[in-house]
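S.K.: This is the structure I have questions about; it appears just below.
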Amino acid sequence: MIKITEHTRNVLLEVAKNKKIYVEGNFLKILKAPEGDKEFEEYLTICKEKDTTARKKRLQVTKQVQAQNKELEKAAQDNEQLLIDLQIALEEARNAEKEASKAKGEAEKLRDEAMEDLDTLQKRTQFELIGLIVKIALVIIVGVGVTTTLLYSIAMLAGADTTLLGNAWSNMFGILLTNSFSIIGTIMGVKYATEKSE
């Protein structure tokens, strides 16, 4: 223990009285009041109380800073995790966009193939229809021609007057020939116009 001199005692009491500054810290543990000096003992008691209060405040501030540091560390970890999650989500979005673009390309390719197949089917159907119309027209033309020729031949063999029948036969062949060319021309014109419009 350190014994306080009269001069030091008076200086400490005066500083405490005038400037409200007291001795703090571990130094208080080694200070001892002179025997019978109630005023200095009271001063040391106040110093110890103030030191205890200051220590409590410092401890409280330290705990508060430590708690804030823990919160900041947790917030930093949460932010880091959020950043990682965001990067993962961004990568997944990019991959999904690539997949969507690829699927779109494949869908467009399939659509083009389907349109081409449909166009081919329509052309084949039109060609088959035109072929059928031409066949029927030729059968009718040949049938009428054969029938008229048979009638004309029978009339000639029977010895009947064939003047009227000959003229009819000649006109019939002219009409059939004209109509057959007309039908074929119309069909070819429709086909040509259809190909042009496409």
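Every number in this text was worked out from the coordinates using simple rules, so none of it is lab data. A quick note: this is a predicted structure, and the numbers were derived from the prediction, not measured. Methodologically, a virtual Cβ is constructed for each residue, glycine included, from the backbone with ideal geometry; neighbour enumeration extends over all protein chains shown.
S.K.: Could you give the length gained by full extension between residue 178 and residue 75, i.e. 0.36 nm per residue of separation minus their alpha carbon distance, to one decimal place?
M.R.: On the way: separation 103, 0.36 × 103 = 37.08 nm, distance 9.62 nm.
Full-extension gain reported as 27.5 nm.
S.K.: For the chain, calculate the relative contact order in percent as a whole number, restricting contacts to Cα pairs under 8 Å that are 6 or more residues apart.
M.R.: On the way: 60 pairs, mean separation 24.9, N = 198.
Contact order relative to length: 13 percent.
S.K.: Of 3/48; 32/63; 50/70; 17/57, which sit over 21 Å apart, Cα to Cα?
M.R.: Numbers: 3/48 17 Å; 32/63 32 Å; 50/70 30 Å; 17/57 23 Å.
Check vs 21 Å cut-off fails for 32/63; 50/70; 17/57.
S.K.: Consider just the alpha-carbon atoms of region 1-88 and return their Rg together with their Dmax, both in angstrom.
M.R.: 23.2, 78
S.K.: While we're here: Can you work out the FRET efficiency for the pair residue 167 and residue 192, with r the C-beta to C-beta distance and R0 = 35 Å, to the nearest 0.05?
M.R.: On the way: r = 37 Å, r/R0 = 1.06.
Efficiency for this residue pair is about 0.40.
S.K.: Measure nothing fancy, just the Cα-based angle from helix 163-197's long axis to the longest principal axis of the chain, in degrees from 0 to 90, nearest 10.
M.R.: 10
S.K.: Tell me which of 101, 127, 138 sits at the most positive position along the dipole axis of region 87-198, charges placed on C-beta atoms (Lys, Arg +1; Asp, Glu -1).
M.R.: Sorting the options by dipole projection puts first 138.
S.K.: Magnitude of the Cβ-charge dipole of the chain, K/R +1 and D/E -1, about the Cα centre, nearest 20 debye?
M.R.: On the way: 28 positive and 30 negative charges, 280 e Å.
Charge dipole of the chain: 1340 debye, to the nearest 20.
S.K.: I've got another one for you. Got the relative contact order for region 1-112 handy, in percent, Cα pairs under 8 Å and 6 or more residues apart?
M.R.: On the way: 38 pairs, mean separation 22.9, N = 112.
Relative contact order for region 1-112 comes out at 20 percent.
S.K.: I would also like to ask the following. Stokes-Einstein D for region 116-197 at 4 °C, 1.567 mPa s, Kirkwood Rh over Cα pairs, in µm²/s?
M.R.: Details: Rh = 15.1 Å.
The diffusion coefficient I find is 86 µm²/s.
S.K.: Report the calculated FRET efficiency for residue 5 and residue 83 (r = Cβ-Cβ distance, R0 = 41 Å), to the nearest 0.05. Intermediate values should be presented prior to the final figure.
M.R.: Values: r = 65 Å, r/R0 = 1.59.
Given R0 = 41 Å and the Cβ-Cβ separation, E is 0.05.
S.K.: For the chain, find the longest principal axis of its Cα atoms and tell me its angle to the long axis of helix 6-19, 0 to 90°, nearest 10.
M.R.: With both axes taken from Cα atoms, the answer is about 40 degrees.
S.K.: Right, another one. Of 147, 26, 174, which is farthest towards the positive pole of the chain's charge dipole, taken about the Cα centre with +1 and -1 on the beta-carbons of Lys, Arg and Asp, Glu respectively?
M.R.: Of the options given, the answer is 26.
S.K.: If amide H atoms are built 1.01 Å from N in the plane of the peptide, which residues on other chains or at least 5 residues away come under 5 Å of the amide H of residue 31?
M.R.: 2
S.K.: Over every pair of different alpha-carbon atoms in the chain, take the mean of 1/r and invert it; report that Kirkwood radius in Å.
M.R.: Values: mean 1/r = 0.0336 Å⁻¹.
Evaluated on the chain, it is 29.8 Å.
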